[in-house]
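To start, the structure under review is shown below, and the notes come after it.
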Amino acid sequence: DGAVDTLVAGVSQLRAAFGKPSFVIDLALSSYPSKTYEQHQAAAVTELFARMNELKALGVTGIVWRAIADDPTFDTSNYHGLAERHWGFIRSDGSAKPALQALVDGIRRESPN
């Protein structure tokens, strides 16, 4: 919760400080390992695309996601622990998380073709 607000605030601060466009790299919205967090991830992706015009107005020219698929072998000694294995929109068994459809729909709306 609040991830999109944090992103918008950061982009706004960069725009105010440097007056240049931004390219967001390594956007990571983990679903941790639970259905509840999968719903949080889906809500964040939906909100992100709902606020895309705001991000564009602040100069965002693109976004790169950390991962499309979960990685069950990712090292949990990294900063985010177990959440590191759940960045994707597709579970490690190949099934789609709720956020996948929000991502696909959002990309389709934003794509010129």
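Of the chymotrypsin sites (Phe, Trp or Tyr not before Pro) in the range 1-107, the ones in a loop by DSSP (not H, G, I, E or B) with at most 12 other beta carbons within 10 Å are 79. In this rough spin-label picture, where each label sits 7 Å from Cα along the Cβ direction, the residue 50-residue 109 distance is 0.9 nm.
What does the accessible area per residue of the chain come to in Å², with a 1.4 Å probe and no ligands, DNA or RNA counted?
60 Å²
A simple spin-label model places the labels of residue 24 and residue 37 2.0 nm from each other, with each point 7 Å out along Cα-to-Cβ. Report, ordered by chain and residue number, the lysines lying within cross-link reach of residue 56, taken as a straight Cα distance under 23 Å and ignoring same-chain residues fewer than 8 apart. Within the straight-line cut-off, residue 56 pairs with 20.
Under a point-charge model restricted to the Cβ atoms of Lys and Arg (+1) and Asp and Glu (-1), what is the dipole moment magnitude of the range 66-113 relative to its Cα centre, in debye to the nearest 20?
Approximately 180 debye in magnitude.
Whole-Hz Karplus values for the range 76-90 come out as 6, 7, 5, 3, 8, x, 4, 4, 4, 7, 10, 6, x, 9, 10 Hz, taken residue by residue from phi with 6.51 cos²θ - 1.76 cosθ + 1.60 and θ = phi - 60°; glycine and proline positions read x. Amide H contacts for residue 97 (H built 1.01 Å from N in the peptide plane; partners 5 or more residues away or on another chain; cut-off under 5 Å): 90, 91. Annotation: amide H of residue 22 within the under-5 Å range of 60, 61, sequence separation 5 or more or interchain, hydrogens built in the peptide plane. If each DSSP helix of 4+ residues adds -39,500 (n - 2.57) and the sum is divided by the residues in the chain, what number results at 222 nm, nearest 500 deg cm²/dmol? Helices in the chain give a 222 nm mean residue ellipticity of -14000 deg cm²/dmol.
This structure gives Cα extents along the principal axes in Å, computed directly, and of [x] 42, 34, 22; [y] 51, 40, 23; [z] 43, 31, 25 that value is listed as [x]. Note that the range 96-106 has calculated 3J(HN,Hα) couplings of 7, 8, x, 5, 4, 5, 4, 5, 4, 4, x Hz, one per residue in order, obtained from phi through the Karplus relation 6.51 cos²θ - 1.76 cosθ + 1.60 (θ = phi - 60°); glycine and proline are x.
The values are calculated or read from the model by the stated rules, or taken from the named source; none is laboratory data. Because the structure is predicted, anything quoted here is derived from the model rather than measured. Don't worry about glycine lacking a Cβ; one is built from the backbone with ideal geometry, like all the others, and counts go over all protein chains shown. Ligands, DNA and RNA are stripped out before the accessible areas are found, and what is left, the full protein with its side chains, is counted by its heavy atoms. Shrake-Rupley method; radii C 1.70, N 1.55, O 1.52, S 1.80 Å.
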